[in-house]
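Heads up: the structure comes next, in structure tokens.
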Amino acid sequence: MSTDVFSDALNRVKQIGESADVSPEIIEGLMHPKATMTASLPVRMDDGSTKHFTGYRCQYNNVLGPTKGGIRYHPDVSLEEVQALALWMTIKCAVVGLPYGGGKGGVIVDPKHLSPMELERLSRSYVRAMADFIGPQTDIPAPDVYTNARIMGWMADEYEAIKRVKAPGVITGKPVRLGGSLGRDDATGRGAYLCVLELAKKKGLNPAETTVAVQGFGNGGYHAVRLLQDAGYKVVAISDSQGGIYSDNGFDVNSIYQEKQRSRRVRAVYCEHSVCELVDHKSISNEELLELDVDILIPAALEGVITAKNAANIKAKYIVEVANGPIESDADPIIDEKGIVVIPDVLANAGGVTVSYFEWAQNRAGYAWTLEEVHQRLEHIMQKSFADVWELTESENRSMRDAAYTVAMRRIGQGIEAHGTRDYFNS
Ligand code: GLU
């Protein structure tokens, strides 16, 4: 890629905004992150030494509500990446109509190299640095790549210790006993699955004849293909950061998940209870997985995996972006030209933040919803959002990504214009 991930994200907003006649003032407003905090995070390591990690938090845009978005732990985290992810959260929350702006956080760290106690100290150190920047009414973090419910629980606990008040609404994705919501654990994958069901209605897909490949077997990817398999889809390829497996016959997703929990690797197994046996398969690389001849490709790992270089080799008919930003903007025209339908990240993976919103609403009301209520409300929001985007793809003959960005920019624009437009003040 010639530009960094944030410039690429800005280019996309600009291009789509201009082609959809979004007012230049609104586009300009989206070019500038509202505030970004960089902090050094001292952590006492198990050997007694102190290490300093770098942490970021970006509050991108809060026109529609407090900023919202996860915290990522990854060695490749950078300021630009956090800003790009925070911009995408701004668009995402608007696409699904949540009363939120967008934010994101990150720490440059490989959590696989930390002990559980070092991980806890790092998470608490992050909150000590950010305690005056985040808050239930201002900026609400959540899990992202390599962070989870336990980490959210430590972070909420640290915030409450600093503020000397119970404030579960400061962070979402917490363990259920600590104020988390039922249904938050699989919400990202479930949201993507619900999008595929809507797509299947539009395109007349027959699950039994529809093959699926997933790149990335973390929380989002696993639950998406688990639910798709339960609905009859055939999951023929799965990978994680170390490589992947392929089989024409399809895999049993839960067996592979069970084995991954045990051995930390994606292995081609079929399990009866705790007994797992290897099954026929081909080992493939992550790059090969992207180019498989399947119906639905689900990139569910990191950003920038489909670029202008490999886009022409993609054979899938549909791409469901469970990861944030897996397709670079200069690959968009190549993908569109090939007639591939992309359900963009800002819609496909919005189930996570949607149930985060439910969690926050429950924390504020002091009232817990049943799992059925969470599932029903998530389904309603995903179906409605998919329909809003689809309608624009048809009425304005645009890709789903363009349509989703347009829906979001128009909503953010309405928020800005509600304070008065240039014409209003000049008349
Ligand atoms: N990190 C997730 C995302 O990228 C969830 C954010 C949230 O729940 O606030 O959408």
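The values are calculated or read from the model by the stated rules, or taken from the named source; none is laboratory data. Just so you know, these numbers come straight off a predicted model, no measurement behind them. Counting neighbours? That spans all protein chains shown, and the Cβs are built from the backbone with ideal geometry, glycine included.
If only one of ASN254, ASN206, ASN219 is among the polar types (S, T, N, Q) and closer than 21 Å to THR147 by Cβ, which one is it?
ASN219
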TODO: Could you check, for region 167-186, whether at least one of its residues is within 15 Å of the ligand (Cβ to nearest atom), within 24 Å of TYR257 (Cβ to Cβ), part of a helix (DSSP H, G or I) and touching a Ser or Thr at 6+ places or on another chain (Cβ under 8 Å)?
DONE: no
TODO: Filter region 267-278 for residues that are over 19 Å from TYR222 (Cα atoms) and touching a Phe, Trp or Tyr at 6+ places or on another chain (Cβ under 9 Å) and give the result.
DONE: GLU277, LEU278
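Within region 239-262, which residues are in contact with a helix residue (DSSP H, G or I) (Cβ under 6 Å, 6 or more places away or on another chain) and among the aliphatic types (A, V, I, L, M)? Please lay out each step first, then the result.
Of the residues in region 239-262, the ones in contact with a helix residue (DSSP H, G or I) (Cβ under 6 Å, 6 or more places away or on another chain) are 239, 244, 253, 257.
VAL253, the sole residue that qualifies.
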Open item on the list: Just checking, does region 181-189 include any residue being buried (at least 20 other Cβ atoms within 10 Å of the Cβ), of a type in the set (A, V, I, L, M, F, W, C), over 15 Å from the mean Cα position of the chain (by Cα) and under 24 Å from PRO66 (Cα atoms)?
Closed with: no
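Among the strands (runs of 3 or more DSSP E) contained in region 32-150, which hold 1 or more residues that are without any contact (Cβ under 8 Å) to a residue 60 or more places away in the chain and within 14 Å of the ligand (Cβ to nearest atom)?
Working: elements: 35-44, 50-61, 71-74, 101-108.
So the answer is 50-61, 101-108.
Identify all residues within region 372-411 that are in a helix (DSSP H, G or I), among the small types (Gly, Ala, Ser) and buried (at least 17 other Cβ atoms within 10 Å of the Cβ); write none if there are none.
To start, the set of residues in region 372-411 that are in a helix (DSSP H, G or I) comprises 372-395, 400-411.
Those left that are additionally among the small types (Gly, Ala, Ser): 385, 387, 395, 403-404, 408.
Hits for region 372-411 are SER385, ALA403, ALA404, ALA408.
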Task: ASP76 closer than 30 Å to ILE27 by Cβ, surrounded by fewer than 17 Cβ atoms within 10 Å (Cβ to Cβ), among the charged types (D, E, K, R) and within 21 Å of the chain's Cα centre (by Cα) - done: yes
TODO: Can you tell me which residue among ALA350, ALA387 is out of contact with any Gly (no Cβ under 8 Å at 6 or more places or on another chain) and small (Gly, Ala, Ser)?
DONE: ALA387
Task: Segments classed as helices (runs of 4 or more DSSP H), wholly inside region 254-371, with at least 2 members that are under 24 Å from VAL407 (Cα atoms) and within 16 Å of the ligand (Cβ to nearest atom) - done: 345-348, 351-365
- [ ] Six or more apart or on different chains, Cβ under 6 Å: which pairs go from a residue in region 1-13 that's among the small types (Gly, Ala, Ser) to one that's at pLDDT 95 or above? Could you list them?
- [x] ALA9/ALA84; ALA9/LEU87
Task: Residue list for region 210-234, filter: touching a residue at least 24 places away in the same chain (Cβ under 8 Å) and either within 16 Å of the ligand (Cβ to nearest atom) or among the charged types (D, E, K, R) (or both) - done: GLY216, GLY218, ASN219, GLY220, GLY221, TYR222, HIS223, ALA224, ARG226, LYS234
TODO: Would you please name the residue that is surrounded by the fewest Cβ atoms within 10 Å (Cβ to Cβ), looking only at residues in region 205-228 that are part of a helix (DSSP H, G or I) and over 21 Å from the mean Cα position of the chain (by Cα)?
DONE: ALA208
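Report yes if ILE27 is in contact with a helix residue (DSSP H, G or I) (Cβ under 7 Å, 6 or more places away or on another chain), buried (at least 19 other Cβ atoms within 10 Å of the Cβ), within 13 Å of GLY325 (Cβ to Cβ) and aliphatic (A, V, I, L, M), otherwise no. Before you say what the answer is, go through the steps one by one.
Details: in contact with a helix residue (DSSP H, G or I) (Cβ under 7 Å, 6 or more places away or on another chain): yes; buried (at least 19 other Cβ atoms within 10 Å of the Cβ): yes; within 13 Å of GLY325 (Cβ to Cβ): no; aliphatic (A, V, I, L, M): yes.
Answer is no for this residue.
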- [ ] Pull up region 268-315, narrow it to residues that are surrounded by fewer than 17 Cβ atoms within 10 Å (Cβ to Cβ) and in contact with a Cys (Cβ under 8 Å, 6 or more places away or on another chain), then point me to the one that is farthest from ILE343 (Cα to Cα).
- [x] GLU277
Open item on the list: Take the residues in region 316-340 that are touching a residue at least 40 places away in the same chain (Cβ under 8 Å) and more than 19 Å from ILE238 (Cβ to Cβ); name whichever of them is surrounded by the most Cβ atoms within 10 Å (Cβ to Cβ).
Closed with: ASN324
Task: Filter result (touching a strand residue (DSSP E or B) at 6+ places or on another chain (Cβ under 9 Å) and more than 22 Å from ILE140 (Cβ to Cβ)) within region 355-392 - done: PHE386, VAL389
Open item on the list: Whether any residue in region 139-158 is buried (at least 24 other Cβ atoms within 10 Å of the Cβ), hydroxyl-bearing (Ser, Thr, Tyr) and under 17 Å from the mean Cα position of the chain (by Cα) is what I want to check.
Closed with: yes
